[in-house]
Amino acid sequence: MAVTGILLVLFLVAHMLGNLKIFTGETAFDHYAHWLRDIGTPLLPSTWFLWIQRTVLLAAVLGHIGAATLLALRARAARPVRYAHRKKVNGSYAARTMRWGGVIILLFVIYHILDLTTGHLNPQGDPGNPYGNVVADFAPARWYVTLFYTLAIVALGLHLRHGAFSALRSLGQQTPAGERRARAAALVFAIVLCAGYLVVPFAVLTGLVA
Amino acid sequence: MNLTLRIWRQSGPEDKGRMVTYQVDGVSPDMSFLEMLDVLNERLILAGEEPVAFDHDCREGICGMCGLMINGDAHGPQRGTTACQLHMRQFSDGDTIDIEPWRARAFPVIKDLVVDRTAFDKIIAAGGYITAPTGSAPEAHSVPVAKADADAAFSSAACIGCGACVAACPNGSGMLFTAAKITQLSLLPQGQPERYTRVIGMVDAHDEAGFGGCTNAGECTAVCPKGIPLNTIGRLNRDYLRATAKRGGTPGS
Ligand code: HEM
Ligand code: SF4
Ligand code: FES
């Protein structure tokens with residue numbers, strides 16, 4: 001859970017930084033998207049690095065979902081008779097929404113790949129012009145896309161708030177002071193990532209990026 | 001105070017069980033929660049009915065026998081207290097109180113609110129001990145222990161094995177209990193020889209007993225009557241990672 005999660009978090013950071021290049025203008029962003037296909041050349045043939053990265057990410061996603069499913073099945077088996085009266089949350093809300101939050105994020109990622117990677121669900125869907133695709137995607141008339149996107153990012157933020165802390169704990173974070181630091185770091189990290197991912201659609205929505 | 005109680009009644013392990021509603025009146029706010037159940041039971045006995053079975057022993061928060069899910073809260077609404085230390089002044093006249101046993105596959109219901117916590121004994125038997133002969137209390141200065149370690153070990157040793165952590169855990173995991181025992185022993189010099197076999201043995205016994213896996217949700221520490229902190233689980237994880245990395249921890253190798 002922790003190891004695959006950390007791999008995905010590394011991707012999220014890199015992807016967020018890449019997305020923010022949208023503020024540097026159309027040419028720079030499209031150039032960046034094309035460069036993604038050339039990383040590793042001339043050592044590797046073009047797009048090989050991308051495919052290696054995609055393979056690693058897919059393995060991490062499958063590992064992450066596999067471990068989560070195992071934990072959920074164990075949890076279900078560990079309490080065959082449910083409580084008639086159950087206090088909802090004593091600990092952290094984020095921790096209690098990990099499973100459904102994860103499902104929402106997965107649905108979003110599938111939609112998102114069909115939208116911006118393959119272009120099938122994108123109004124423009126031009127593989128040569130990712131900048132145009134993003135702008136067309138979050139156009140004000142398509143507010144529902146932005147809404148769904150925002151919900152998915154908030155779910156991601158909650159997921160990371162608990163996930164980042166929990167990963168550190170699973171890897172042996174063990175002092176009370178360290179726990180306070182780890183929780184604070186996870187919170188700040190989740191907020192920064194949410195903000196970084198949300199500025200792009202809202203910049204398109206408000207016409208800052210056009 | 002007049003109260004409506006909805007209590008889980010189950011005549012034995014094979015019975016399906018159900019919530020049954022009782023009225024109790026004349027409850028004093030100074031009574032403990034268990035005394036209130038005693039009052040109910042006396043009336044049930046006088047009426048020729050079967051009294052409600054519940055576990056208890058010391059009634060002062062040190063033995064870990066009592067354990068009730070009270071309105072969905074393990075040990076009731078007051079933090080840092082066992083059910084036996086809970087007073088009726090925490091409730092108001094006219095309240096409805098739901099009382100259920102701990103729910104976990106590893107803690108099967110024996111009768112009504114009494115569950116079988118043998119699974120905890122199995123975890124202890126798998127490593128919750130030291131092999132050094134300790135005899136009577138040794139001279140305190142003969143083995144130096146850093147004050148911070150002594151304090152952390154001591155507060156982990158406060159775990160009374162009540163099982164509230166399991167009852168509250170969304171995963172039905174017993175990791176807080178296991179981690180409290182691991183922390184207590186692996187912080188002290190006397191606990192070092194078995195340090196790495198202990199953690200593997202206890203975690204294996206925990207999983208075999210049918211407890212769920214920990215996701216660091218933190219519900220356990222919120223209800224723990226002894227305030228065992230969640231970071232003990234980090235200590236367990238670290239010992240576990242080390243133990244699996246160095247196979248020297250395997251007996252005979
Ligand atoms: C500001 C928000 C986002 C924007 C503008 C955005 C944009 C894009 C674009 C343009 C691509 C295609 C890249 C290419 O074809 O070269 C892409 C791919 C992808 N994005 Fe996002 N994205 C955002 C947020 C997210 C989030 C929050 C996640 C994860 C939860 C995510 C996961 C992915 C994945 C898995 C891919 C596919 C990577 C691949 O092509 O192998 N994205 N995104
Ligand atoms: S850790 Fe706390 S809640 Fe769990 S058994 Fe020990 S005293 Fe009870
Ligand atoms: S009866 Fe001993 S702790 Fe409650």
Self-check item: Modelled FRET efficiency - R0 45 Å, residue B:24 with residue A:180, Cβ distances, 0.05 increments
Solution: 0.55
Quiz item: How many nm is it between the label spots at residue B:47 and residue B:246, if each spot is 7 Å from the Cα in line with the beta carbon?
Solution: 6.3 nm
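Averaging over all projection directions, find the projected area of the Cα convex hull of the protein assembly as shown and quote it in nm² with one decimal place.
On the way: hull surface 119.5 nm².
Result: a mean projected hull area of 29.9 nm².
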Quiz item: How large is the dipole of segment A:1-135 about the Cα centre if only Lys and Arg carry +1 and Asp and Glu carry -1, each at its Cβ, rounded to the nearest 20 debye?
Solution: 1360 debye
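Can you pull the percent of segment B:138-243's accessible area that's carbon plus sulfur, 1.4 Å probe, other chains left in place?
Numbers: 2140 of 3650 Å².
Ligands and nucleic acids excluded, carbon and sulfur reach 59 percent.
Across chain B, where is the longest run that never hits GluC sites (Glu not before Pro) in a DSSP loop with at most 15 other C-beta atoms within 10 Å?
Values: sites that count: B:14, B:49, B:60, B:139.
Looking at chain B, B:140-253 is the longest stretch - no exposed GluC sites (Glu not before Pro) with at most 15 other Cβ atoms within 10 Å.
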Quiz prompt | Eligible aspartates and glutamates near residue A:21 by straight Cα distance, threshold 12 Å, same-chain separation 8 or greater | solution = A:30
Quiz item: Across peptide A:88-97, how many C-beta atoms of other chains are within 10 Å of each residue C-beta, on average?
Solution: 5
Exercise. With runs of 4+ DSSP H residues as the only contributors, calculate the mean residue ellipticity of chain B at 222 nm using -39,500 (n - 2.57) per run, divided by the residue total and rounded to the nearest 500.
Key: -10000 deg cm²/dmol
Practice problem: Pop the C-beta distance of residue A:120 and residue A:54 into the FRET formula with R0 = 22 Å and round what comes out to the nearest 0.05. | Solution: 0.80
Quiz item: What nm value, rounded to one decimal, do you get for the distance between residue B:60 and residue A:99 when each label is placed 7 Å out toward the C-beta?
Solution: 4.2 nm
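Might you report the magnitude of the Cβ-based charge dipole of chain B about its Cα centre, with Lys and Arg at +1 and Asp and Glu at -1, to the nearest 20 debye? Before the final figure, lay out each step's value.
On the way: 23 positive and 29 negative charges, 246 e Å.
Dipole about the Cα centre, nearest 20: 1180 debye.
Please work out the average accessible area per residue across the protein assembly as shown, using the 1.4 Å probe convention, and give it in Å². The partial results should precede the final answer.
Working: 22530 Å² over 463 residues.
Using a 1.4 Å probe on heavy atoms only, each residue of the protein assembly as shown averages 49 Å².
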Self-check item: Value of [θ]222 nm, deg cm²/dmol, for chain A, DSSP H segments ≥ 4, -39500 (n - 2.57) each, nearest 500
Solution: -24000 deg cm²/dmol
Self-check item: Rounded to whole Hz, the Karplus (6.51, -1.76, 1.60) HN-Hα couplings of segment A:93-99, x for glycine and proline
Solution: 4, 4, 5, 8, 10, 4, 6
Practice problem: Name the residues of segment B:176-220, by number, that are at least 30 Å² less accessible with every protein chain in place than in the isolated chain; the surface is that of heavy atoms, probe 1.4 Å, without ligands or nucleic acids. | Solution: B:213, B:215, B:216, B:217, B:219
Quiz prompt | Principal-axis tilt of helix A:176-205 within chain A, Cα atoms, nearest 10 degrees | solution = 30 degrees
Quiz item: Averaged over all directions, how much area does the convex hull of the C-alpha atoms of chain B cover when projected, in nm²?
Solution: 15.7 nm²
Quiz item: Reachable aspartates and glutamates from residue B:246, Cα under 19 Å, same-chain residues fewer than 8 places away excluded?
Solution: B:194, B:204
Quiz item: Hey, if you put +1 on the Cβ of every Lys and Arg and -1 on every Asp and Glu Cβ in the protein assembly as shown, which of A:3, A:176, A:75 ends up farthest toward the positive end of that dipole?
Solution: A:3
Practice problem: Provide the buried accessible surface between chains B and A in square angstrom, both chains summed, 1.4 Å probe, rounded to the nearest 100. | Solution: 3000 Å²
Quiz item: What number, in nm² with one decimal, is the all-direction average of the projected area of the convex hull of the alpha-carbon atoms of segment B:3-110?
Solution: 6.9 nm²
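Looking at the square roots a ≥ b ≥ c of the eigenvalues of the Cα gyration tensor of segment B:118-253, which shape do they give, rounded for a/c under 1.5, prolate if a/b is larger than b/c, or oblate?
Numbers: a/c = 1.78, a/b = 1.28, b/c = 1.39.
Verdict is oblate for segment B:118-253.
Can you quote the Å³ per residue value for the convex hull of the Cα atoms in chain A, rounded to an integer?
Values: hull volume 33.0 nm³, N = 210.
Convex hull volume per residue, Cα atoms: 157 Å³.
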Quiz item: Between A:129, A:45, B:138, whose Cα lies farthest towards the positive end of the dipole of the protein assembly as shown when Lys and Arg beta carbons carry +1 and Asp and Glu beta carbons carry -1, centred on the Cα centre?
Solution: A:45
Quiz item: What Kirkwood hydrodynamic radius do you get for segment A:113-210 when you take the inverse of the mean 1/r over all pairs of distinct Cα atoms, in Å?
Solution: 15.2 Å
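Taking the Cα centre of segment A:54-103 as origin and charging only Cβ (+1 Lys, Arg; -1 Asp, Glu), how large is the dipole, in debye to the nearest 20? Present the calculation step by step, with values, prior to reporting the outcome.
Working: 10 positive and 0 negative charges, 62 e Å.
Using only the charged Cβ atoms, the result is roughly 300 debye.
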Self-check item: 0 to 90° range, to nearest 10: angle between helix A:48-78 axis and chain A longest Cα axis
Solution: 20 degrees
Quiz item: Under 18 Å Cα-Cα from residue B:16, which lysines qualify once same-chain neighbours fewer than 8 residues away are excluded?
Solution: B:111
Exercise. With a cut-off of at most 14 other beta carbons within 10 Å, and DSSP calling the residue loop, which chymotrypsin sites (Phe, Trp or Tyr not before Pro) in segment B:103-182 qualify? Please list them.
Key: B:129
Quiz item: What spacing in nm lies between the two simple spin-label points modelled at residue B:197 and residue A:106, each 7 Å away from Cα in the Cβ direction?
Solution: 4.1 nm
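Expected output is a single nm value to one decimal: the length gained when fully extending between residue B:122 and residue B:149, i.e. 0.36 nm times separation in residues minus the C-alpha distance. What is it?
Working: separation 27, 0.36 × 27 = 9.72 nm, distance 2.65 nm.
The span from residue B:122 to residue B:149 would gain 7.1 nm if fully extended.
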Exercise. Could you go through segment B:207-221 in sequence order and give the Karplus-derived ³J(HN,Hα) for each residue, using 6.51 cos²θ - 1.76 cosθ + 1.60 with θ = phi - 60°, rounded to whole Hz, and x for Gly and Pro?
Key: 5, 5, 5, x, 6, x, x, 6, 10, 6, 5, x, 5, 4, 5
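For chain A, what % of the accessible area comes from carbon and sulfur atoms, probe 1.4 Å?
Working: 8630 of 11640 Å².
Of all accessible area on chain A, carbon and sulfur atoms account for 74 percent.
Could you tell me which chymotrypsin sites (Phe, Trp or Tyr not before Pro) in segment A:111-144 are loop residues by DSSP with no more than 13 other beta carbons within 10 angstrom of their beta carbon? Walk me through the numbers before you get to the answer.
Working: sites: A:111, A:131, A:138, A:143, A:144; in loops: A:138.
Taking segment A:111-144 and a limit of 13 other Cβ atoms within 10 Å, no loop chymotrypsin sites (Phe, Trp or Tyr not before Pro) are found.
The values are calculated or read from the model by the stated rules, or taken from the named source; none is laboratory data. Only a predicted model underlies this, so the values are computations on that prediction, with no experimental measurement involved. In this analysis, Cβ positions are derived from the backbone assuming ideal geometry, glycine residues included, and neighbour counts consider all displayed protein chains. When the accessible area is computed, the model is the full protein with side chains, heavy atoms only, and any ligands, DNA or RNA have been set aside. Shrake-Rupley method; radii C 1.70, N 1.55, O 1.52, S 1.80 Å.
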